[in-house]
Amino acid sequence: DIKVGDGATIGNGQEATVVYKGWLTNGQLFDQSKVNSEGKTEAFQFKIGSGQVIPGWDQGVAGMKVGGVRLIVVPPSVGYCTTDHGPIPANSVLVFQVQLVDVK
């Protein structure tokens, strides 16, 4: 954890609301939370353990507390494995900075 939150802890089956950035290990930013036309960052929501995101995110976000920021290093086995995914080459280690904004 870069910063431990002081809010509710997220667990399996709960909905996470996060803002994030993702890099390849060479430092290339490949994805981040979207910014709307007013310049505000839009949060991303997903349910922990439901398969909506790569397994590395389910594992890496579980146990975070609202307000926390975590660096998640995702090996290929729980990322995109041997498949290219847009700008992400096959067998890539992924690095994410994730802030948990809310839990439902």
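The values are calculated or read from the model by the stated rules, or taken from the named source; none is laboratory data. All values reported here derive from a predicted model rather than from experimental measurement. As a convention, Cβ positions derive from the backbone with ideal geometry for all residues, glycine included, and neighbour counts pool all protein chains shown. All accessible areas refer to the heavy atoms of the entire protein, side chains included, with ligands and DNA or RNA removed. Shrake-Rupley method; radii C 1.70, N 1.55, O 1.52, S 1.80 Å.
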Exception for THR82 within (1) in contact (Cβ under 8 Å) with a residue 12 or more places away in the chain; (2) more than 19 Å from LYS3 (Cα to Cα) falls at (1)
Within the stretch 68-104, the residues that are open to solvent by 60 Å² or more (accessible area, probe 1.4 Å) and part of a helix (DSSP H, G or I) are SER77
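Which of the residues spanning the stretch 2-19 are open to solvent by 20 Å² or more (accessible area, probe 1.4 Å) and touching a helix residue (DSSP H, G or I) at 6+ places or on another chain (Cβ under 9 Å)?
Filtering the stretch 2-19 down to residues open to solvent by 20 Å² or more (accessible area, probe 1.4 Å) leaves 2-4, 6-9, 11-15, 19.
Once the filter is applied, which keeps residues that are open to solvent by 20 Å² or more (accessible area, probe 1.4 Å) and touching a helix residue (DSSP H, G or I) at 6+ places or on another chain (Cβ under 9 Å), the stretch 2-19 yields only ASN12.
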Report, by residue number, each residue of the stretch 50-66 that is more than 11 Å from the chain's Cα centre (by Cα) and open to solvent by less than 50 Å² (accessible area, probe 1.4 Å).
GLY63, MET64, VAL66
Would the stretch 24-46 turn up any residue that is open to solvent by 90 Å² or more (accessible area, probe 1.4 Å), in contact with a Ser or Thr (Cβ under 9 Å, 6 or more places away or on another chain) and under 14 Å from VAL95 (Cα atoms)?
yes
Pairs with Cβ under 8 Å, 6+ apart, first in the stretch 21-34 and touching a residue at least 40 places away in the same chain (Cβ under 8 Å), second open to solvent by less than 40 Å² (accessible area, probe 1.4 Å) and assigned to a loop (DSSP other than H, G, I, E, B)
LYS21/SER33; LEU24/SER92; THR25/SER92
